[in-house]
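FYI, it's all coordinate maths here, none of it is from the lab. These numbers were taken from a predicted model, which means no experiment stands behind them. Ideal geometry is used to build each Cβ from the backbone, glycine not excepted, and the neighbour counts take in all protein chains shown.
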Amino acid sequence: NQATRNRVSQLAGIGALAGGLVWSLAISPPDKHMVSTAYLLVGFGLASLALSVTSALEAHVRLPPVTALGRNPLLMYMLSGVAILPVRTWVDPELTLWQAWTWGAGILVGCAAVAWFLDRKKWYLKL
């Protein structure tokens, strides 16, 4: 049942996020470069919560851009990697949080637009 899976995902996300935060305060801080356990728990918790929110939304509201991103995931992953290169090269590394979110949202919207276009044309990258 979808509602049960969504609830389990929410509980797992909350548990992992809380565990990661407690772990980071008590033992070691989250460190992306060394891939600490706190980083993995917090990352899993946030991803699980985002997935459950998206799943709950899609049950009530049709989200074509999200569906289109999921139909061509490898191509969207490669496109986002290429799209971030100019940002890393030309943009000031001392961005404010608002500027960083704006760049990230712009790249996400651009990738979603390309994914939506490819989905409308029924063009999919398959390996």
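Here is how the numbers come out for the structure above:
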{"quantity": "At most 11 other Cβ within 10 Å, DSSP loop - trypsin sites (Lys or Arg not before Pro), region 1-87", "calculated": "LYS32, ARG62"}
{"quantity": "C-alpha center-to-center spacing [region 1-45, region 85-123] in angstrom", "calculated": "26 Å"}
{"quantity": "Structure-based [θ]222 nm, the chain - -39500 (n - 2.57) summed over DSSP H runs of at least 4, per residue, nearest 500", "calculated": "-27000 deg cm²/dmol"}
{"quantity": "Cα-Cα pairs of the chain separated by more than 24 Å (percent)", "calculated": "48 percent"}
{"quantity": "Highest-fluctuation residue, THR96, THR54, THR37 considered, GNM on the chain with Cα pairs under 10 Å", "calculated": "THR96"}
{"quantity": "For region 42-105: span of alpha carbons on each principal axis (Å, largest first)", "calculated": "40, 26, 21"}
{"quantity": "Among PRO73, PRO93, PRO29, residue whose mean-square fluctuation peaks in a GNM of the chain (springs only between Cα atoms under 10 Å)", "calculated": "PRO93"}
{"quantity": "Contact order normalised by residue count of the chain, Cα under 8 Å, 6+ apart, percent", "calculated": "24 percent"}
